[in-house]
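What follows is calculated from the coordinates using simple rules that are stated; it is not laboratory data. Note that the structure is predicted; figures quoted are calculated from it, not measured. Every residue, glycine among them, receives a Cβ derived from its backbone with ideal geometry; neighbour counts consider all protein chains shown.
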Amino acid sequence: MFSKRTEPAAIASQLVFLFTLAAAFLLSCGLGIFYWLVVRHAFEEDNAVLADKISALSADLKAGGPKALDEELKSVRTGEHAVYWVRVVDSAGRIVTETPGMNRLLPPSIVPRTPTSTSAARNAKNYRIGGRLFSLVTTSEEANGQPYTIQVAQDRSNDDQFTKEFGALLAVVLAFGILASTAIAIAVTKWGLRPLAEMTHSLERVGPAHLSERVPPTRWPRELRPLAVAFDEMLDRLEDSFTRLSQFSADLAHELRTPITNILGEAQVTLTRARTADEYREVIESTVGECERLSRIVDSLLFLARAEAADRQIHRTLFDGRAAVEKIAAYYQTLAEDRHVAVTCTGAGEIYADSVLFGRAVSNLVDNALCFTPDGGTIRISIAARAASSEISVDDTGCGIAAEHLPRVFDRFYRADSSRSAHGAGLGLALVKSIMNLHGGSATLKSEISRGTTVVLSFPTKASLEANA
């Protein structure tokens, strides 16, 4: 059973959600604190008034005794609509006087029996009955030498109703605030992400025929400029790669067409009439030569394709560089002597590389040097050991290469001029460059017209590769 892959949330949705969440949190905290301060202030005022009422009742009881309170309570006659309900109880627990109707609404059993001081009114006991809220407080006082208990109940129903309505109002304000925050977040996010949409429209115009399209960094906000620069650099690489690929395709077609045309032309001419055995032999030998040329081109292209593969592995070993280059020089010695070209080897050092690929790279350089060095010239192969690399240089006294061609000499099928096009397929230096890339090294070329060319191969040492691993 396959699990369904969830799509990542859009940036706009995440921004709106986080902005709304932050706004809701701040609004909740702000309104919650405001609600707590208002309610706390209202109840503290009630407590202060209740404490004043208890103090006044205690003073009246102490001054005039229970009779004074009885006359005062019976004269009010506010009944169930009274704000304060008062009851006086003697030491035996008998009710001396009380607000009319208090016994039915607030019986003595629900009132705290432990006397408290007037400053403790804020710790009054809350009691609900019939949808009304009362705060009950008990205090003691002496009058005419006898102890009495005063029970006071404060009706806080109006404050309780205000608290509920105020809380509901703040809840509505919070809900509208969250909705408004969401709308603002959507508008702000849409406005803030507008440059991305414009950048998308610009990039949509990019195609094979419009690789020159660019995203100017100066038009975008500071946060998007690195992205615009990265896109422009990517488009530069794509345009360069596409141009090189187009040129490579054209060069490859040209290189393959020439030998195939030669083979086909010779075969068609041969078939026009009967030939002698020697003539057939000449045609076959020419065909074999052209086929060998095709085979070399195909082998070189296959090697380049494999060398550029990410999983390409090479087998590095440590070997004597001087012995390796002398072996290569000996291989080309006969051809060099026929043309009176001197091939010399200088320097010494160990090379940490794939010996087969090393031999192929240096052989290509020596072969190129022989092709373009005139009779009586010199080819010098040098080895130099550096701190982080081992360098192999092949220096010739050939015709040289013009400066405008130097940046492209390592491209496939690239030949600097028509005089050089008669030699090879233009893949030798491209093979050398690929081999050096496989080793993590570099290949550099210096040349001057009529003075010769120098190619330097730099192979990293084993210690430098391990340090960078």
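Table for the structure above
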item: Cβ-based exposure ranking for Asp236, Asp367, in which fewest neighbours within 10 Å come first; result: Asp236, Asp367
item: Packing rank of 145-158, 388-401, where each peptide gets the mean count of other beta carbons within 10 Å, highest leading; result: 388-401, 145-158
item: Cα-centre dipole for region 317-468 with unit charges at Cβ (Lys and Arg positive, Asp and Glu negative), debye to 20; result: 260 debye
item: Length released on extending from Ser13 to Phe43, taking residue separation times 0.36 nm less the Cα-Cα span; result: 6.4 nm
item: Exposure proxy order (Cβ contacts within 10 Å, fewest to most) of Glu266, Glu223; result: Glu223, Glu266
item: Order of Trp191, Trp220 - criterion: other Cβ atoms within 10 Å of each residue's Cβ, fewest first; result: Trp191, Trp220
item: Relative packing of 445-456, 349-360, which averages over residues the other C-beta atoms within 10 Å, highest first; result: 349-360, 445-456
item: Region 314-358 versus region 434-469: alpha-carbon centroid distance in Å; result: 15 Å
item: Additional length obtainable on full extension of the chain from Thr243 to Arg386, 0.36 nm per residue less Cα span; result: 47.8 nm
item: Extension gain, Tyr280 back to Ala168 (0.36 nm per residue minus Cα-Cα distance, nm); result: 29.5 nm
item: Simple spin-label estimate for Ala180 and Asp52 in nanometres, 7 Å along Cα-Cβ; result: 3.7 nm
